[in-house]
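Working notes, structure below.
The values are calculated or read from the model by the stated rules, or taken from the named source; none is laboratory data. Quantities reported herein were computed from a predicted structural model and do not represent experimental measurements. Glycine also receives a Cβ, built like all others from the backbone with ideal geometry; neighbour counts cover every protein chain displayed. In case anyone asks, the SASA skips ligands and DNA or RNA and just uses the protein heavy atoms, side chains included. Shrake-Rupley method; radii C 1.70, N 1.55, O 1.52, S 1.80 Å.
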Amino acid sequence: GMSTEKQVQTFVGINEKQTKVSSSLMWDLYPSILEKDDIKVRISLTVKDLNIRDENSALYGTISYDSAPYSRKGSKITLESICTSLKSENIFSVINGILGKNEIKDTKDEVKYNIIKTYFDVIQKLNPEHWNRNEKTKNLLRSNQGIGALIKLLKVILKYLDDKAVFASL
């Protein structure tokens, strides 16, 4: 419904002044702009839940994003880094495959939340001195690069446990 002149002004304005939206902001916005069953929405909501649900969780308050209600001081993990790692490693699909083989339903991603939470809780408990370092340069575990590596390792562990039929015995 815009006039041609207004369309041209809008086009020029956008293309002259456009600034790319940060990936973390996009991950923060996905639950508001995509369908609720979209994998990006499900991952974003799960990661945000990891940041705010359980005060005793290793990831509580450690994930940085625009709409986060609060966060701990010290080393931060960006929403983009953890979400992108979970998506690129297909962690939700791996877990779904394991659950499907064992006839377990996870309609609200609660199992995924619990697996990821427990995994990082164990890492924190195994090396609390390192995990709790506040200096970014001295905390590989709670860095974007460290989180990416730990999520790759989570995928390997899940596949190993599945191969050994550990989940079938639960």
Filtering region 105-121 down to residues that are of a type in the set (S, T, Y), open to solvent by 20 Å² or more (accessible area, probe 1.4 Å) and either closer than 13 Å to I91 by Cβ or at pLDDT below 95 (or both) yields T107, Y119
With the condition kept exactly as written, say whether any residue in region 156-163 is touching a Gly at 6+ places or on another chain (Cβ under 8 Å), farther than 21 Å from L50 by Cβ, surrounded by 15 or more Cβ atoms within 10 Å (Cβ to Cβ) and among the acidic types (D, E). yes
Matching residues in region 134-148 (open to solvent by 50 Å² or more (accessible area, probe 1.4 Å), in a loop (DSSP other than H, G, I, E, B) and at pLDDT 90 or above) number 1
Consider region 1-33. How many of its residues are in contact with a Leu (Cβ under 9 Å, 6 or more places away or on another chain) and among the aromatic types (F, W, Y)? 2
Is there a residue being open to solvent by less than 40 Å² (accessible area, probe 1.4 Å), touching a residue at least 40 places away in the same chain (Cβ under 8 Å), out of contact with any His (no Cβ under 8 Å at 6 or more places or on another chain) and in a helix (DSSP H, G or I) anywhere in region 52-73? no
